[in-house]
Amino acid sequence: MSTYLPFARTEARTNYLNADYGWKSWLFTTDHKRIALLYLFSITAFFFVGGAFAVGMRVNLLTPEGIFAHDTYNKLFTMHGIIMVFFFLVPSIPATLGNFLVPLMIGARDLAFPRINLLSWYLYMIGGAIALTAIVKGGVDTGWTFYAPFSSTYSNTHVILTAIGVFVSGFSSILTGLNFIVTIHTMRAPGMTWGRLPLFVWGHYATSLIQVLGTPVIAITLVLLGLERVLHAGIFDPAVGGDPVLFQHLFWFYSHPAVYIMILPGMAVISEIIPCFSRKALFGYTFVAISSIAIAVLGFLVWGHHLFVAGQSMYASMVFSLLSFLVAIPSAIKVFNWTATMYKGSISYETPMLYAFGFIGLFTIGGLTGLFLATLAIDVHVTDTYFVIAHFHYIMVGGMVMAYLGGIHFWFPKISGRMYPEGWARFAALIVFVGFNLTFFPQFILGYQGMPRRYAHYPPEFQVLNVMSTAGASILAVGYLLPIIYLGWAWRKGPKAPQNPWNAKGLEWEQSPTPPPTYNFETQPVVTEPAYNYSGESEEVGIG
Amino acid sequence: MGVFSIFPPRASTTAVQVDALYTFLLIVAGIMTALIFFCVFFFAVRYRRKNQDDPAPKAIHGSLPLEIAWSVFPFLIMLVMFAWGAKLYFQNYTPPLHDTFDIYVTGKQWMWKVQYPTGQREINEMHVPTGRPVKLILASEDVIHSFYIPAFRLKHDVVPGSYQTYWFEATEPGRYHILCAEYCGTNHSDMGGWVTVMKPNDFERWLAGDTGGSMREQGEKLFQQYGCVTCHVTDREGRCPSLLNVFGNPVVLDDGRTVVADEAYVRESILNPNAKVVKGYKHDIMPVFQGQISEEGLLQLIVYVKSLSPPAPRSGKSAAPAPKANPK
Ligand code: HEM
Ligand SMILES: [Cu+2]
Ligand SMILES: [Cu+2]
């Protein structure tokens, strides 16, 4: 495979960005790359809305007596959770980078169902608009977990409207997953065997499986919740014969797998970045690929670890505990293999790689604290405290958001045709890392000391650690605003990117111009070598 | 406790055990984190690219023995965590059958109502003796709450429509937080209070203080007020079972099952009698009391029904100087 194209070809060429102008060419596009950008802008907007709620919470927690009224605080954390989970993290990497890159990486012209892809974005936007309407009308206060019977009977906020928003956007997630699965099965270029698929694609394949199999369950659960709230059907509310714990089973049957929707794509990005900046094939390709699938499958069997103190049978708890330890193994395998990839590599420190370092470190801490929570007697003490908050922020913010930023920087030249300013980007990565740890590490300590989550007021002895956390959050906020500014600048004014600025392997860099034309490739790509063949070995090598 | 101590006060036997387990996990996690961080740093520095046109290094495609080692070895350590954690969990959520001091707690938006068999009632306060197993029976009048005592390292959700229980043995006299740990609406974060741990003698004195009649007496009143007495005591036609010696003993049901009459059983028998019908008696004779008796009243009735069973034979003396049980 040739590794470079003559420079001049990247100039003044029609590509997907300048192929057509005007708002219609965007809102009615079926080009996966343009849809990816539609998603990129909309989820960024949601990220900042969700972030604004978080700022409100952190400000409130500066003092033990709080600043806002209880109800205001309760709405803040509820809307923060709902926006961040359903409207930012679930679509984040798959709908933007995944949408953009899956076809490019497997050598296809587009996704299998381009119009359904556009429909996904519309569903997402409609769902988002409904949720925002609920917020504008006064918000909702059930927590993102919607536990019954509080949500079904007691809360007098806009539960139904919010649930409809989440319900609608769920279909967007299902359709994206379906689109990816069909695309990956049927549209790989000649020579792109399963064993040569980039791990980015494997990760998205696993994610898609969860989206297709899990999301219908949350949709049904929300419908039942609506029935209970409107008709008092007697499903979840014990006062009319229902079972509140049943709600939790149904909710977590989706939402635990969903936490893997919120990390597998991040792992997928890291698996691309590390080989590129180590100039070396990924260590243990097969194991990393299989572990994504293992996570997707095992992830469906551990929902009960959210119910250890909720009154489920102790024997059930025991089984869920054991299975939760089991699901940690494939995650650990990935971490070990990424680290081993760097061994004897040729490592450089461009911004994407800095984010990858950050990802490994923070994901390790997040995963290890998952083991604390899977340990029954410890979970009894720390469940529903800040320990859990810290655990999942280490994974979802420390892991997923870092991977997302790393991926955005890595593929920014591909997407925009321009280079971003490396110095600023490294600086921002550092700020994010420092701010993140200062925000969330104190929360582990707070949690073990016994500070419950979702508290507008708290006992005064917890103040010092809370102030540290708020201070960290303000640094983190700067770290997230910087990229918006310099990437926005670079998009218009940055230096033109060569076709393959990182000398990376993969069809999207080697065989598609930068930025890609509407149909991605000028000639049908053919794959003749395994993924990540940085050392240029000519023969097919057994892996493992 | 200093602000920067990572441990909250330790005031029960479980607190010591949970902290030991936590320390074990901290050590394992610390070692693992140090290992990964070290490798990442070391490789990043040792193998940094010195010259832009260095040739790409030789590929290393993996190693089966390594993959097996780093899957199996961590899993073995996890099995230790699992077994240790599960053992403690069973212990903490399985109250001893005899000799516990029972306290009845009702959660209600946004307060904890605490009742003692001797009749004391408190709101957002709980008193317990050291050196004696205390069993909590937890009920909710509305939504799910969670009764959390960080100093004991214990909590359990309080789920409407059912009874939940856990038990502990306090060790250190003092006052410790009670917190609600399950989000329950507007004033969730204010739904807290204090547990006062007392030396047995002090506790005895506290218990002897003024009450408005013991829980049993209040229960007996309700037993008459709701007409239970007409069927279960004065009924002469044998349509209704006697409640003497029911509590704590096996009951044979008309579908052939046998259940032990615990708090949850009695609660269900009152609220929804047809769910489990005693063998030899008919459906639909006992009225359904669902929605008619408050959670607190139910607990009082249960204490009364309990008092109709003589105390279970003591299975050995507890070493701690247990206060004399109140005369039943
Ligand atoms: C490495 C394996 C992992 C294990 C063993 C693990 C274990 C657990 C356990 C036992 C809980 C329940 C804690 C409680 O509510 O008391 C929990 C909560 C949670 N975990 Fe993990 N976890 C792991 C990885 C992840 C990943 C990869 C994510 C997300 C990307 C994640 C996100 C969450 C979230 C969001 C919650 C809390 C949800 C809530 O209550 O709002 N975890 N984890
Ligand atoms: Cu989970
Ligand atoms: Cu509460």
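Since every read-out is calculated from the coordinates, none of them should be taken as a lab result. Model, not experiment: these values are computed from the prediction. Every residue, glycine among them, receives a Cβ derived from its backbone with ideal geometry; neighbour counts consider all protein chains shown.
Here are the numbers for this structure:
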| item | result |
| --- | --- |
| Convex hull volume per residue in cubic angstrom - Cα atoms of region A:1-159 | 178 Å³ |
| Partners for residue B:87 among lysines (Cα-Cα distance below 17 Å; same-chain residues under 8 apart left out) | B:155 |
| Estimated Rh, region B:215-307: Kirkwood, alpha-carbon pairs, angstrom | 13.4 Å |
| A:169, B:71 arranged by Cβ crowding within 10 Å, fewest neighbours leading | B:71, A:169 |
| Overall Cα dimensions of region B:9-49, principal axis frame, Å, largest first | 56, 15, 6 |
| Cα-centred dipole magnitude for chain B, charges only on beta-carbon of K, R (+1) and D, E (-1), debye, nearest 20 | 840 debye |
| Integer Hz, Karplus 6.51/-1.76/1.60 couplings in order for region B:253-268, x for Gly and Pro | 9, 6, 8, x, 6, 10, 10, 8, 6, 9, 4, 5, 5, 5, 4, 5 |
| Pairwise Cα inverse-distance average, inverted: Kirkwood Rh of chain B (Å) | 23.6 Å |
| Cβ-placed point charges (K, R +1; D, E -1), dipole of region B:215-307 about Cα centre in debye, nearest 20 | 220 debye |
| Residues whose placed amide H lies under 5 Å from that of residue A:243, excluding near-sequence neighbours | A:236, A:237 |
| Approximate shape of region A:466-523 as ellipsoid semi-axes (Cα gyration tensor, √5λ), whole Å, largest first | 37, 14, 10 |
| Under 11 Å from the residue B:54 label point (7 Å along Cα→beta-carbon), backbone N, region A:352-391 | none |
| Pairwise FRET efficiency - residue A:24 versus residue A:313, Cβ, R0 = 45 Å, nearest 0.05 | 0.20 |
| Lys/Arg +1, Asp/Glu -1 at C-beta; region B:215-307 dipole; positive extreme among B:223, B:303, B:243 | B:243 |
| Taking the C-alpha atoms of the protein assembly as shown, convex hull volume expressed per residue in Å³ | 167 Å³ |
| Under-5 Å amide H pairs with residue B:158, H placed in peptide plane, nonlocal only | B:145, B:146, B:147 |
| Residue-by-residue Karplus 3J(HN,Hα) for region A:301-313, coefficients 6.51, -1.76, 1.60, Hz, glycine and proline x | 10, 10, 4, x, 6, 8, 10, 4, 10, 8, x, 7, 4 |
| Among B:147, B:101, B:38: highest mean-square fluctuation, GNM of chain B, C-alpha pairs under 10 Å | B:38 |
| Debye log10 I(q)/I(0) at q = 0.07, 0.08 Å⁻¹ for region A:34-510, Cα point scatterers | -0.34, -0.45 |
| Cα-based Kirkwood hydrodynamic radius, region A:268-386, one decimal, Å | 15.7 Å |
| Positive minus negative residues near residue B:18 (Lys, Arg vs Asp, Glu; Cβ under 14 Å) | +1 |
| Region B:19-76 versus region A:439-462: alpha-carbon centroid distance in Å | 32 Å |
| 5 Å binning of all Cα-Cα separations within region B:98-146, expressed as whole percents from 0 upward | 5, 21, 29, 24, 13, 6, 2 |
| Gaussian network model of chain B, springs between alpha carbon atoms under 10 Å - residue of B:66, B:301, B:243 with greatest fluctuation | B:66 |
| Set of lysines near residue B:50 by C-alpha distance (under 20 Å), chain-local residues within fewer than 8 positions excluded | A:280, A:344, B:58 |
| Exposure proxy ranking, count of Cβ atoms within 10 Å, fewest first, for A:468, B:78 | A:468, B:78 |
| Theoretical ellipticity at 222 nm over chain A - DSSP helices of four or more residues, -39500 (n - 2.57) apiece, nearest 500 | -21000 deg cm²/dmol |
| Reach of residue B:221 by Cα under 18 Å, taken over lysines that are not fewer than 8 positions away in the same chain | B:306, B:328 |
| Unit charges on C-beta of K, R, D, E only; dipole of region B:16-66, Debye | 300 debye |
| Debye-sum result for region B:176-249 in log10 I(q)/I(0), which assumes one identical scatterer on each alpha carbon, at q = 0.11, 0.12, 0.24, 0.27 Å⁻¹ | -0.63, -0.71, -1.04, -1.16 |
| Amide H contacts of residue B:166 (H built 1.01 Å from N, under 5 Å, at least 5 apart or other chain) | B:136 |
| Residue-wise HN-Hα coupling along region A:501-515, computed from phi with Karplus coefficients 6.51, -1.76, 1.60 (Hz; x: Gly, Pro) | x, 9, 6, 7, 8, x, 4, 5, 8, 7, 10, 10, x, 10, x |
| Helix A:199-231 vs. chain A, principal-axis angle (Cα, 0 to 90°, nearest 10) | 30 degrees |
